[in-house]
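For reference, the structure is listed below as structure tokens.
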Amino acid sequence: AVRRVRVPLFMIHGQADTYIKPEMAVALYDMCGSPDKHLWLVPKAKHNQGPNVDPETYFAKLTAFFDAHLA
């Protein structure tokens, strides 16, 4: 299914995630068909802990993505 994605995509994944390995996120990202895709592997973050580990960068990247793609 991810190969059929054609809209902008921003994936955020923790590098220390033990539930879903970062390599799995990279594989999905690589398969994604979107011409405008972004992947941020959050250093030291476990599963869904990106906003807790690095809130400043998290919200800056998220805001920049939405600013670029929502009009």
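The values are calculated or read from the model by the stated rules, or taken from the named source; none is laboratory data. None of these values were measured; they are calculated from a predicted model. Every residue, glycine among them, receives a Cβ derived from its backbone with ideal geometry; neighbour counts consider all protein chains shown. All accessible areas refer to the heavy atoms of the entire protein, side chains included, with ligands and DNA or RNA removed. Shrake-Rupley method; radii C 1.70, N 1.55, O 1.52, S 1.80 Å.
Residue-wise test of (1) polar (S, T, N, Q); (2) in contact with a helix residue (DSSP H, G or I) (Cβ under 9 Å, 6 or more places away or on another chain); (3) open to solvent by less than 60 Å² (accessible area, probe 1.4 Å); (4) in a helix (DSSP H, G or I).
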site	(1), (2), (3), (4)
D17	no, yes, yes, no
I20	no, no, no, no
A25	no, no, yes, yes
D30	no, no, no, yes
L41	no, yes, yes, no
N52	yes, yes, no, yes
E56	no, no, no, yes
T63	yes, no, no, yes
F66	no, no, no, yes
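Please name all residue pairs, on different chains or six or more residues apart, with Cβ atoms under 7 Å, provided the first residue is in region 21-32 and is of a type in the set (A, V, I, L, M, F, W, C) and the second residue is open to solvent by 80 Å² or more (accessible area, probe 1.4 Å) and at pLDDT 95 or above. That search, which allows pairs on different chains as well, returns M31/R3. Confirm whether A45 is among the small types (G, A, S) and either open to solvent by 60 Å² or more (accessible area, probe 1.4 Å) or not in a helix (DSSP H, G or I) (or both). It is true that A45 is among the small types (G, A, S) and either open to solvent by 60 Å² or more (accessible area, probe 1.4 Å) or not in a helix (DSSP H, G or I) (or both).
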